[in-house]
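J.: This is the structure I want to talk about, given as structure tokens.
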Amino acid sequence: AERRRTWTLTAVMAGIGILGGLAAAQLLFTGIVRRVRGLERDAERLEQGEPLTLVDEAQDEIGRLARRLVQAGDLLRSREAALREGEERYRRVIEGVRDYGIFALDVEGNVVSWNTGAERIKGWSAEEILGRHFSTFYPPEAREETPARLLEVARRDGRVEDEGWRVRRDGGRFWANVVITALRDEDGTLTGFSKVTRD
């Protein structure tokens with residue numbers, strides 16, 4: 001009877017231990033899943049550029065990962081702000097140049113940006129010229145051959161310089177010096193051209 005009671009007590013204690021262990025594992029698993037889901041939400045907020053606040057103060061791997069996400073978010077925001085500031089400064093510099101027409105072309109030669117100097121020299125406003133092919137600036141007798149040749153040389157050699165007659169919006173001609181530079185991304189893929197025109 002004593003042995004049976006001992007075995008029964010041992011079995012009950014083992015059952016309680018197993019159930020306690022399962023409950024502890026469930027709590028641990030639930031806590032880990034909750035924290036990982038929090039990291040997932042933080043990653044989505046980071047992707048959308050929203051600021052992150054550190055909630056997980058734990059010293060384990062998940063807590064350290066949460067802190068790294070917050071640090072990465074702060075770093076990304078500061079770099080984006082610096083990039084925006086640099087782009088705005090660059091835009092203001094280009095816009096302020098009045099003695100040179102500075103504009104960008106896409107890979108086909110269509111105008112995609114236009115500065116004040118280009119408007120002053122050529123006579124077209126940005127609204128009138130954006131999206132049009134830059135062959136518009138050449139006299140009719142050169143329109144077919146010269147623009148295509150210049151883009152081909154710039155594509156091949158990186159840049160090309162040319163002088164010749166160009167046409168203003170009012171049809172008047174002027175002698176221009178132009179430099180066309182091929183623009184490439186970090187992989188070397190052509191993304192367009194910059195064009196600087198001087199009267």
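J.: I need the shape label for segment 84-199. Rule: rounded when a/c is under 1.5, else prolate if a/b > b/c, else oblate, with a, b, c from the alpha carbon gyration tensor.
T.: The shape class here is oblate.
J.: Per residue of segment 117-124, what does 6.51 cos²θ - 1.76 cosθ + 1.60 with θ = phi - 60° give for ³J(HN,Hα)? Whole Hz please, x for Gly and Pro, Karplus curve as stated.
T.: Result, ordered by residue: x, 5, 5, 5, 6, 9, x, 8 Hz.
J.: Please work out which option in [x] 191; [y] 176; [z] 124 gives volume of the Cα convex hull per residue in Å³ calculated from these coordinates, and answer with its label.
T.: Given [x] 191; [y] 176; [z] 124, the calculated one carries the label [y].
J.: Using Cα springs under 10 Å in a Gaussian network model of the chain, which residue among Asp187, Asp42, Asp162 shows the largest mean-square fluctuation?
T.: Checking each option, the largest mean-square fluctuation is seen for Asp187.
J.: Using alpha-carbon positions, what is the distance between the centroids of segment 98-112 and segment 140-199, in Å?
T.: Result: 9 Å between the Cα centres.
J.: Right, another one. So what is the 222 nm mean residue ellipticity for the chain from helices alone, if each DSSP H run of at least 4 adds -39500 (n - 2.57) and you divide by all residues, rounding to the nearest 500 deg cm²/dmol?
T.: Result for the chain: -18500 deg cm²/dmol, rounded to the nearest 500.
J.: With axes computed from alpha carbons, what is the tilt in degrees of helix 2-47 against the longest principal axis of the chain, rounded to the nearest 10 within 0 to 90?
T.: 10 degrees
J.: A further question follows. Please list Ser78, Ser125 from largest to smallest accessible area, probe radius 1.4 Å, with all protein chains kept in place. Before the final figure, lay out the partial values.
T.: Numbers: Ser78 65, Ser125 25 Å².
Ranked from most to least accessible, the order is Ser78, Ser125.
J.: Ok, one more. Would you mind calculating the gained length between Asp187 and Gln71 on full extension (0.36 nm times residue separation, minus the Cα-Cα distance), in nm to one decimal?
T.: Going from the current span to full extension adds 38.9 nm.
J.: Tell me, what is the 1.4 Å probe accessible area of Leu65, in Å² to the nearest 10?
T.: That residue has around 90 Å² of solvent-accessible surface.
J.: If I take R0 = 30 Å and measure r between the Cβ atoms of Glu144 and Arg120 in this structure, what FRET efficiency does the formula 1/(1 + (r/R0)^6) give, to the nearest 0.05? If you can, show how the numbers build up before the last one.
T.: On the way: r = 28 Å, r/R0 = 0.92.
The formula returns an efficiency of 0.65 here.
J.: Give me the extension gain from Glu108 to Val179: residue separation times 0.36 nm, minus the current Cα-Cα distance, reported in nm with one decimal.
T.: Stretched fully, the Glu108-Val179 segment lengthens by 23.9 nm.
J.: Using a probe of 1.4 angstrom, how much of the accessible area of the chain is carbon and sulfur, in percent? Provide the component values of the computation, followed by the final result.
T.: On the way: 7430 of 13250 Å².
Roughly 56 percent of what the probe reaches on the chain is carbon or sulfur.
J.: Still on this structure, I have one more. So with the 1.4 Å probe, I'd like the accessible area per residue for segment 108-147, rounded to whole Å².
T.: Averaged over the residues of segment 108-147, the accessible area is 46 Å².
The values are calculated or read from the model by the stated rules, or taken from the named source; none is laboratory data. Computed from a predicted structure; not experimentally measured. Positions of Cβ are backbone-derived with ideal geometry, glycine not excepted, and every protein chain shown enters the neighbour counts. Protein only, heavy atoms only, side chains kept; ligands, DNA and RNA dropped before computing areas. Shrake-Rupley method; radii C 1.70, N 1.55, O 1.52, S 1.80 Å.
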